[in-house]
1. Between rounded, prolate and oblate, where does chain A land on the alpha carbon gyration tensor, with a ≥ b ≥ c its root eigenvalues, rounded for a/c under 1.5, else prolate if a/b exceeds b/c?
2. Just need the relative contact order of segment A:178-299 here, percent rounded to a whole number, with Cα pairs under 8 Å and 6+ apart.
3. Within 10 Å, count the other beta carbons around each residue, average over each peptide in B:29-37, B:114-122, A:236-244, and list them highest first.
4. Once you have the Cα-Cα distance between A:Asp434 and A:Thr280, take 0.36 nm times their residue separation minus that, and quote the gain in nm to one decimal.
5. Once the other residues with Cβ under 13 Å from the Cβ of A:Gln486 are scored (Lys, Arg +1; Asp, Glu -1), what is the net sum?
6. For segment A:178-299, report the convex hull volume of the alpha-carbon atoms normalised per residue, in Å³, without decimals.
7. Please report, in whole Å³, the volume per residue of the convex hull around the C-alpha atoms of segment A:505-644.
8. If you scale each eigenvalue of the Cα gyration tensor by 5 and take the root, what three semi-axes come out for segment A:6-147, rounded to whole angstrom and sorted largest first?
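Laboratory data are not the source of any read-out in this text; all were calculated from the coordinates shown. As the structure is a prediction and not an experimental result, all values here were calculated from the model. Please note: Cβ atoms are built from the backbone with ideal geometry, for glycine as well, and neighbour counts cover all protein chains shown.
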Amino acid sequence: MKPSNTIQERVHEFLRQYPPFNMIREEQLRKLASQVRVMYLEAEQVLFTQDDPAHAYFYVVRQGSVRLEQRTEEGGQRLVDVCDEGDLFGVRALIARKNYSSTATAAEESLVYAVPIALFEPILNESPEVALYFAAGFAAGAPVVRSSMADTNKARVGLGTSYTSHPVINHLEDVVKVGAGKGLVACTPDTSIRLAAQMMSDKDSSFMLVTDEQNWPLGITTDTDMRKRVVAGLVSINDPVEEIMSAPVITIAPDPPMADALIHMIRHKVKHLCMTEDGTAQSKAVGVLTEHDLLLAQGNNPAVLITEIRQTKDINSLPAIRDRAEELVLKYLEQEVSISFIANIITEINDAIIVRALQHAEQELGEPPLRYCWLSLGSEGREEQLLRTDQDNALLFEDQHAAGEKEAQAYFLKLADIVNEILISCGFEKCPADMMARNPKWCQPLHTWKQYFYHWIHEPTEESLLHASIFFDYRPVYGDFNLSRQLTSYIYEHISQEHIFLPYLAKHALQSPPPLSFFRNFIVERGGEHKDSFDIKLRAMTPLVDAARVLTLDNHITGENNTFKRFAKLAELEPKNALLYQEAAMAYEIMMRYRALNGLRNHTSGRYLNPNQLNKLERQALRNTFKPISDIQELLQVRFQLSYLG
Amino acid sequence: MRDWLKRLIGREAEAITAATPMFWQQYTAAMAEQASAKTPLVEVDFVVFDTETTGLDPKIDRVLSIGAVRVHGGQVLISESFECLVKQEETPQLKSAEVHGLLSKQLEEGLPEQDALEAFIRFTGNAVLVGQHVAFDIAMVNQMLRHQGINDKLRNRSIDTAQLAIRLEHRRGDHHTLKPAEYSLDALCARYNLPTDDRHTASGDAFATALLLLKLLSLARKRKIYTLGELVK
């Protein structure tokens, strides 16, 4: 082959800026570039027509833009995508060898590179990255095979990181290994404390596992327990160790992923996990995992943050601790840690802050006059918050005679005010719509809350539905959870009685259809018009949250707020729609990630995305998330027969 | 008339002698099958080219580099592109070295003029030659021919993109109003929204001119110009 010359080099330089060409070895790309043909298209000139046999080339926009359209059943044209500089189209021929599924028309004067398929095929077969790019349907137009969000996500992760030179090390998905036996210092329950202490000291262990004769774990005692109880004279060193052990022991299967171990420790507020053969307390203990083991394996650690929040004496130190949690989020996002894990961690941290703030407020004001329950609403209620957003919360207290309620409300408003202020200081801004517990309207006894929900369910006005979408995702965080359970069962009872409510809620979920695609620095709407900023919350996330909520209610699933878990549950209950629900959940995960990254980049809540700041791969991944949204909206339309609702 | 024709044929016959290099004999043979005036434009073989020279006088200045690319069927064929540097025997007067970014040292690595000429002629064959102010570039190639002792000239049909643009943009009669500056390659590319990175090398200019040709061919089609004869008249 001739060495490449200036003209071929220019084509090469253009192509290598864009995926998937930037994934191709330089020599191979040069060779490919040298075989390109350049075409000029007049505005409105058609390059290929739907159902035409495929050309021997696929196309890349060099300059200008190309519209892809499909015929509709009514004989009109439906916009499928708009390709701008660097976008690939007409790839159907490359992979499926089928006729074109859409018509390509130059939207303006355009230069287009035609890339010979015969030369590209070996690259596709040889490079897993390039194959993944096509499998994920990142090229413009209708995907060849129905590509899945899983492919999109895989491509987003796999191809996205190929830009960075260092490999991503994902500590959290690593398993934590503690040598079998090595981590196991155990004795029987009748062993004396003295002997147990001696054994711990000999083996230099911070704990002693207590097991029965079959080696099943019964309890655990730590050097702290011993010091506190024995030294304080509460027990004698000749008493059996079972006197001071903590039981039951929290168990986990051997070699757990770091993330699981961490969640267990945080949930159960323990520093030791006993690994058993099958992960339950009814099997042999094989080792003990300590928080220290995790710290060593991981470095910085959310458990530490949470412990600090729980133990801090100075309420003013909370904001600084909360800021450190944000660094954690960034680190996790960079490491491609799963979104549900990050959201879990952040929820635990936020909950710890709320609990700490409430305990502080109770200390200031004295014992609460009535039982109450603090409710988190919205994304915090759904356990889906990654970055701090405006606070949405409410307070529910038990019913009493009118005077008692009035008095209690005065107390709880003061309590809520202290907590709301602490949350503000921790970076959770005031809710602009004032949906906060210190607002008297949202600080009410159980019967008033029942009235609210009664009204929202039986008289679904626009305002009711808006409230419903916020208040339906409440989650008890602190206090008497029995109160919130009573409210929940009241709500479900009424929903099952009121046949008009769910269709209205479903209709509300269709208010904002997702956009179609990205074009240069704009969002392309289905009607073809362009917008320069993208409200990812309103246009892409809320529609999925709303859909998941109404479908869950329709299936009589109670007490599940989290959008991922709702979709998982729905997939279980409706196997024929399982794929769609999984797609939707994955799309939601990708959007949460982009929103958080956008927020961290710009020090905002991340809600408004500027297409300018997205690279080609990010745009393509996001564009692919729009499809499950419109699919699920279609499903709502059919299921609730919304066309009759007017 | 018949005499004139005889003389012409005679001269041609005379021109091809044993001393004529093989490539020029082949060129001459190929020219017999040059596209005719009736050839539809989509079938015409175009070679868009540009030369970089030591100056603007074809009598004394020398060719330093040639860049060219083939256009066929409304497409620029990147695989059919040509580029060479010419090593001139005499120290070139590098007046325009700054413009072209060609340094004497680079030119040392070029082909001897004889080889460069042969390679270029073999590349173009009987294609229609296209260039921005193509007459100058053709004159420069003719000068190379003379240097190499070939007593002949290029006989390809040719298209000057600047002239073609003027013709397609202006209706007959308003030519006196046009400003030459509006028909420079830079101005034309800007006007037609064509990418112009890497200008001022022979290849870069040839590529930009090739894209300009695609645009002009498209304009011509709108004017119902379908054959080569209608385009070059």
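1. oblate
2. 27
3. B:114-122, A:236-244, B:29-37
4. Going from the current span to full extension adds 50.9 nm.
5. My count for the surroundings of A:Gln486 gives -1.
6. Convex hull volume per residue, Cα atoms: 98 Å³.
7. 105
8. Equivalent ellipsoid of segment A:6-147: 24, 18, 12 Å, largest first.
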